[in-house]
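One structure is given here, and the rest of the page talks about it.
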Amino acid sequence: MRRFIVDVDFYKDAYSRDKTPWPSDEPEKVFQKFLDRLKHANYFSYGDVRFLDLGCGEGRHIKLLKEFFPHSKVFAFDIIREPLFKAQQKLKGKFGFFLCLANAFFIPFKDKSFDLVLDFGVFHHIRVRDTKVYKSEITRILKDGGFFLIGVFSEKYKHHEKEERKRNFIYHRRHYDRFFTEKSLKNEFSSFLPIEVVEDGKGLEWFIYGLFRKL
């Protein structure tokens, strides 16, 4: 059986601390704009709407999805238990949602299960050799015409001021990071229709955000 590389120890260590290196509560503003665009275009106005937050962390985008589409059923998973416990504590009693332990290479849902899949911060940690499996899983679980929201590191992103990279990836503090441009992200998901792909950020932290649709 093929083995996929996931830097689990790094994430366990990050969630054992008082504060993670990434936001735990505030959602990405560009995702808010993407969802607002879909809402105003009257997508997901029908009854049985299912969303998936892939690599949900402490649930900041579960909350965002439910705020925009209160009637939706939001499913979410992460690769370790620690952030799932925190998400449950933060959101319990406020929103209806479903959590599970899983990974992006074996997503435990049936084909064409979701109207929208959201990924912030998973794809840019996946080794190039494993991206084909990730993309096939996203394609499999999305309904025809479904939407895919993704956020990844921009090539302008730096971990520190003096960081220099000769390639579009780095192994940094026990985990792998990969960096993108708007063009390279579109190329990665060329089988999807790119609705909007933008770069946004400030200081050292820059990201590429994509809103795609499954054809």
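The residue that is surrounded by the fewest Cβ atoms within 10 Å (Cβ to Cβ), counting only those in the range 14-49 that are aromatic (F, W, Y) and under 21 Å from the mean Cα position of the chain (by Cα), is W22.
Tell me whether the range 60-78 contains one or more residues that are closer than 24 Å to R173 by Cα, at pLDDT below 95 and either in contact with a strand residue (DSSP E or B) (Cβ under 8 Å, 6 or more places away or on another chain) or part of a loop (DSSP other than H, G, I, E, B) (or both). The answer is no; no qualifying residue exists. Looking across the range 101-112, just one residue is surrounded by fewer than 16 Cβ atoms within 10 Å (Cβ to Cβ) and closer than 25 Å to K19 by Cβ, and that is L101.
Take the conditions touching a residue at least 60 places away in the same chain (Cβ under 8 Å), touching a Leu at 6+ places or on another chain (Cβ under 8 Å) and not aliphatic (A, V, I, L, M) and apply them to F147. Does it pass?
Yes, satisfied.
Go through K162, K143 for me and flag whichever is more than 21 Å from F51 (Cα to Cα) and of a type in the set (D, E, K, R). Give the derivation first.
Numbers: K143 fails: more than 21 Å from F51 (Cα to Cα).
One residue alone meets the criteria, K162.
The numbered conditions (1) surrounded by 20 or more Cβ atoms within 10 Å (Cβ to Cβ); (2) in contact with a strand residue (DSSP E or B) (Cβ under 7 Å, 6 or more places away or on another chain) are all true for F169 except (1).
The values are calculated or read from the model by the stated rules, or taken from the named source; none is laboratory data. Note that the structure is predicted; figures quoted are calculated from it, not measured. Glycine gets a Cβ as well: all are built from the backbone with ideal geometry, and neighbour counts include every protein chain shown.
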